[in-house]
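Read through the structure below, which is laid out as structure tokens, and then see the notes.
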Amino acid sequence: MKFAVLQLTGCAGCEVSLLNGGDQLDLGALSYMPLLISADEIPDVDLLLVTGGIRNDEDLFKLRRTAAKVKKIVAVGTCAISGGITGLGDNDEVRQLFFAKAHRATVPPMLPQCGPIADEVDVALYLPGCPPTPELFVGLLRDDITLKTGSIVCKECGRKKTKEIRPTKLKPLVEPSLDPDLCLVKQGQLCVGSSTRNGCGAPCTKAGFPCVGCRGPSNNLIEKDADAWFAAVRHVFERLTDIPSEEIDQALKSPHLSLFLFQFSDYDSSSDDENTTRPRDKVI
Ligand code: SF4
Ligand code: SF4
């Protein structure tokens, strides 16, 4: 199966993660990916992975032109799915900085708002993550039907939720003296793994950093709105800790979490029609 990677505005982290799939990938089937293989025109392919957000009119032009000649499109990573870091350019302060620099360099005109690629083209599948892990890329490209996600990161984390321990305060994001076996919530860390889609193998929590939700919501939450997601996280903290809810609410609004948490929040339950594919059936 021939495939290509169309890189819109992003950090190239998704491409690096894909390449980290190493020997498990058939790179002979890759016909275009600017980080590795360039061409004037993207060749006809069966599968197009799109990374990055639609930040400027060059992104929009490339996406529309390429989509017309491929069979299937996968939106890869937070930027292609919901804007991600490229969405930060919607912020007035960032825009002013950009435009000031733009006077000194020739850059493609920035669009007023960064949108998900699904606003422009038909997306067959979504592969969330910032970036998705190499294993997820390998599973996608091998069309691995055993690739099961949709549950929560806690299932892959393995840290224990000991009943007797109930923290009363949130701790900073980076904490040097953590218990390696105890759930990070039980150590006062704002870990959102209990609401986040699994499949990544929990590399962050295993390394001692709280999950920030880069895989987006689990299947239980994916077709619900942001309020339901907030309520689910708040409920976990009420059950496991004595940290005041206001402190949790405040911390959940931090910029680094808001980049990831509301991917798919434009979905709703309108797909109750049995002939319509439910959003969660399109997410790996
Ligand atoms: S809440 Fe976080 S640290 Fe605790 S078990 Fe879940 S993923 Fe692991
Ligand atoms: S543990 Fe959380 S933040 Fe880390 S890769 Fe998995 S979903 Fe993303």
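Work out, in µm²/s and without decimals, the Stokes-Einstein translational diffusion coefficient of the stretch 154-258 at 37 °C, 0.692 mPa s, Rh from Kirkwood over C-alpha pairs. Write down the numbers at each step before the final one.
Details: Rh = 13.8 Å.
Approximately 238 µm²/s, per Stokes-Einstein.
Would you please give the FRET efficiency between Asp90 and Leu19, computed as 1/(1 + (r/R0)^6) with r the Cβ-Cβ distance and R0 = 25 Å, to the nearest 0.05? Intermediate values should be presented prior to the final figure.
Details: r = 30 Å, r/R0 = 1.19.
Plugging the Cβ-Cβ distance into 1/(1 + (r/R0)^6) gives 0.25.
Take every DSSP beta bridge whose two residues both sit in the stretch 1-118; close to 25 percent of them are antiparallel.
For the ranges 36-45, 74-83, 108-117, 241-250, what's the packing order if you count other beta-carbon atoms within 10 Å of each residue, average per peptide, and put the highest first? Write out the running numbers ahead of the final one.
On the way: 36-45: 12.3, 74-83: 27.5, 108-117: 17.3, 241-250: 14.0.
Peptide ranking by packing, descending: 74-83, 108-117, 241-250, 36-45.
Semi-axes of the equivalent ellipsoid for the chain, computed as √(5λ) from the eigenvalues of its C-alpha gyration tensor and ordered from largest down, come to 33, 22, 19 Å. When DSSP beta bridges are restricted to pairs lying wholly in the chain, around 25% turn out antiparallel. Pairs with C-alpha atoms separated by more than 28 Å, drawn from the list Lys171/Lys206; Lys69/Lys224; Lys155/Lys224; Lys62/Lys224; Lys71/Lys155; Lys186/Lys253, are Lys69/Lys224; Lys62/Lys224; Lys71/Lys155.
Read the figures in this text as sums done on the coordinates, not as results from a lab. Please read all numbers here as calculations on a predicted model, not as lab measurements. Here the Cβ is made from the backbone with ideal geometry for all residues, glycine too, and neighbour counts use every protein chain on show.
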